[in-house]
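K.L.:
Take this structure first; my questions come after.
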Amino acid sequence: MQRTNEKLIAVVGATGQQGGAVVRALQASSQFKVRALSRNPDKLRGLADEAVKADLNRLKTLKAAFEGAHGVFLVTNFWEEGTDEIKQATAAVRAAKDAGVKHFVWSTLPDIEAISGGKFHVPHFTGKAKVDRIVNEAGFAHHTFVIAPFYYQVLLGVLAPQKQADGSVGWALPLAPDVRCIHMGDITELGDIVAGALAHPDQAGKGEYLPLVGDFMSFNEIVGTLNRQGHKFSFKQVPKDVFAALFPEAAEAAETFSYFQSHTYLGSDSYDGIALANKIAGRQPTKFSTWAQLNVPVQKLNNTKEII
Ligand SMILES: NC(=O)c1ccc[n+]([C@@H]2O[C@H](COP(=O)([O-])OP(=O)(O)OC[C@H]3O[C@@H](n4cnc5c(N)ncnc54)[C@H](OP(=O)(O)O)[C@@H]3O)[C@@H](O)[C@H]2O)c1
């Protein structure tokens, strides 16, 4: 197969959910060669055309990681201890510019401080949003912002249903369950948007914001959907301060739910952005009910005992 005309895309976070999705979508396209990046490239064996070491905390590694690349996909991981997202992203932008990268794709989130007039403090959103200006001003020929949703997968992970005091299995969260406020999606589908943007810089390469949204739901609707599929999950609204003391990241999670309830996940009318993202991806993202049918087997979660 002749592959010399394919553009090389370097993907940060290739071992993770977002970067992994991007690698898979780019590999499925015949337009790109993929350089998967990790601090431990042994984990990448066989995943992409190239596997290269890159550490966002070590600028030198980024130079080699981005050398010769046409495009870069960047995600930072707020939840990893010691991560400074603005510092890491600034280093990545600088290294990409120095390497002559033409198209930079940054996985951002809404600026909660600006949207809420300073009422809500959610660093894992606002910190990413602060990077947008740095990407905008870097002077890449093309740049694109993608916005990851509330992953459906979170309901199988950190927010998996738990055994409640009344014996039921479900959720106890500081969130009004009847407020439709959560823009959600299957994170494995983020790659279609990124690959589409890299393939169509004329349509999405001038700083467009492309959110992945498969569904827009309240928690009552989430629970109702699952229960119609055979589950018996419960939901209880709990006070914010009680929830915030439960586990190390709970305070930030509680503040995030308060923001969702007041402003929604995306924070504004996002109809046009979602429509553009779907057009660029060339598909409609999977609805929650369809995803749940395939990924939330009735027996498995109803046996959940783990307390997170
Ligand atoms: N969960 C949600 O609903 C949600 C919604 C929107 C946004 N987000 C955001 O998603 C981000 C996490 O992305 P994810 O879900 O794809 O995470 P993930 O599956 O946990 O993977 C994290 C990735 O980050 C890479 N990484 C971490 N530190 C690195 C460093 N210093 N240098 C290079 N690579 C580094 C890891 O690579 P190696 O370990 O291989 O080096 C790994 O591939 C977070 O910032 C979070 O705020 C999450």
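K.L.:
Taking the condition of being out of contact with any His (no Cβ under 6 Å at 6 or more places or on another chain) and within 21 Å of Ala148 (Cα to Cα), how many residues in segment 208-231 meet it?
P.N.:
Residues meeting the conditions: 12.
K.L.:
Here's something else I'd like to know. Considering only residues of segment 112-122 that are assigned to a loop (DSSP other than H, G, I, E, B) and touching a residue at least 40 places away in the same chain (Cβ under 8 Å), which is most open to solvent (accessible area, probe 1.4 Å)?
P.N.:
Selected residue: Lys119.
K.L.:
Given the residues Ala165, Ala160, which is the only one that is surrounded by fewer than 20 Cβ atoms within 10 Å (Cβ to Cβ), modelled with pLDDT of 95 or more, small (Gly, Ala, Ser) and not in a helix (DSSP H, G or I)?
P.N.:
That would be Ala160, the only listed residue that is surrounded by fewer than 20 Cβ atoms within 10 Å (Cβ to Cβ), modelled with pLDDT of 95 or more, small (Gly, Ala, Ser) and not in a helix (DSSP H, G or I).
K.L.:
Okay, next question. Please go through segment 281-299 and pick out each residue that is of a type in the set (A, V, I, L, M) and farther than 17 Å from Ile187 by Cβ.
P.N.:
The answer is Val298, and nothing else.
K.L.:
Sticking with this one: Tally time: how many residues in segment 26-65 are near the ligand (Cβ under 10 Å from one of its atoms) and of a type in the set (Val, Ile, Thr)?
P.N.:
1
K.L.:
Filter segment 210-221 down to residues that are out of contact with any Asp or Glu (no Cβ under 9 Å at 6 or more places or on another chain) and either within 16 Å of Leu156 (Cβ to Cβ) or part of a strand (DSSP E or B) (or both), then give me how many there are.
P.N.:
4
K.L.:
Which is touching a Lys or Arg at 6+ places or on another chain (Cβ under 8 Å) and either closer than 30 Å to Val135 by Cα or open to solvent by 20 Å² or more (accessible area, probe 1.4 Å) (or both), of Gly230, Gly191, Gly282, Gly273?
P.N.:
Being touching a Lys or Arg at 6+ places or on another chain (Cβ under 8 Å) and either closer than 30 Å to Val135 by Cα or open to solvent by 20 Å² or more (accessible area, probe 1.4 Å) (or both) holds for just one of Gly230, Gly191, Gly282, Gly273, which is Gly191.
K.L.:
Inspect segment 200-210 for any residue being within 16 Å of the ligand (Cβ to nearest atom) and either more than 30 Å from Phe104 (Cα to Cα) or in contact (Cβ under 8 Å) with a residue 60 or more places away in the chain (or both) and give the result as yes or no.
P.N.:
Yes, some residue in segment 200-210 is within 16 Å of the ligand (Cβ to nearest atom) and either more than 30 Å from Phe104 (Cα to Cα) or in contact (Cβ under 8 Å) with a residue 60 or more places away in the chain (or both).
K.L.:
Here's another thing I want to ask about it. Please go through (1) at pLDDT below 95; (2) touching a Phe, Trp or Tyr at 6+ places or on another chain (Cβ under 7 Å); (3) assigned to a helix (DSSP H, G or I) for Gly273 and return the number of the only condition it doesn't satisfy.
P.N.:
(1)
K.L.:
Anything in segment 137-165 that is more than 21 Å from Phe257 (Cβ to Cβ) and over 11 Å from the mean Cα position of the chain (by Cα)? List them, or say none.
P.N.:
Glu137, Ala138, Gly139, Phe140, Ala141, His142, His143, Thr144, Phe145
K.L.:
How many of the residues making up segment 1-25 are in contact with a strand residue (DSSP E or B) (Cβ under 7 Å, 6 or more places away or on another chain), more than 13 Å from the ligand (Cβ to nearest atom) and in a loop (DSSP other than H, G, I, E, B)?
P.N.:
2
K.L.:
Restricting to segment 211-227, name every residue that is touching a residue at least 40 places away in the same chain (Cβ under 8 Å) and over 13 Å from Pro285 (Cβ atoms).
P.N.:
Met217, Ser218, Phe219, Asn220, Glu221, Ile222, Val223, Thr225, Leu226
K.L.:
Can I ask one more? Tell me which residues, restricted to segment 128-157, are open to solvent by less than 10 Å² (accessible area, probe 1.4 Å), more than 22 Å from Arg94 (Cα to Cα) and among the polar types (S, T, N, Q).
P.N.:
None - no residue of segment 128-157 is open to solvent by less than 10 Å² (accessible area, probe 1.4 Å), more than 22 Å from Arg94 (Cα to Cα) and among the polar types (S, T, N, Q), so the list stays empty.
K.L.:
Out of (1) among the aromatic types (Phe, Trp, Tyr); (2) in a helix (DSSP H, G or I); (3) open to solvent by 10 Å² or more (accessible area, probe 1.4 Å), the odd one out for Phe125 is which?
P.N.:
The one condition Phe125 does not meet is (3).
K.L.:
Which numbered condition trips up Val135, out of (1) in a loop (DSSP other than H, G, I, E, B); (2) within 22 Å of Ala281 (Cβ to Cβ); (3) away from the ligand (no atom under 11 Å from the Cβ)?
P.N.:
Only one criterion is unmet by Val135, namely (1).
K.L.:
I've got another one for you. Pull up segment 66-91, narrow it to residues that are more than 9 Å from the ligand (Cβ to nearest atom) and in a helix (DSSP H, G or I), then point me to the one that is most open to solvent (accessible area, probe 1.4 Å).
P.N.:
Lys87
K.L.:
Still on this structure: Can you run down the residue pairs with Cβ atoms below 6 Å, 6 or more apart or on separate chains, where the first is in segment 80-104 and within 14 Å of Asp55 (Cα to Cα) and the partner is within 15 Å of the ligand (Cβ to nearest atom) and among the β-branched types (Val, Ile, Thr)?
P.N.:
Glu85/Thr76; Gln88/Thr76; Ala89/Thr76; Ala89/Val131; Ala96/Val72
The values are calculated or read from the model by the stated rules, or taken from the named source; none is laboratory data. As the structure is a computational prediction, the values presented were derived from the model and not from experiment. Counting neighbours? That spans all protein chains shown, and the Cβs are built from the backbone with ideal geometry, glycine included. Side chains are part of the model used for accessible areas, which takes the heavy atoms of the whole protein and leaves out ligands, DNA and RNA. Shrake-Rupley method; radii C 1.70, N 1.55, O 1.52, S 1.80 Å.
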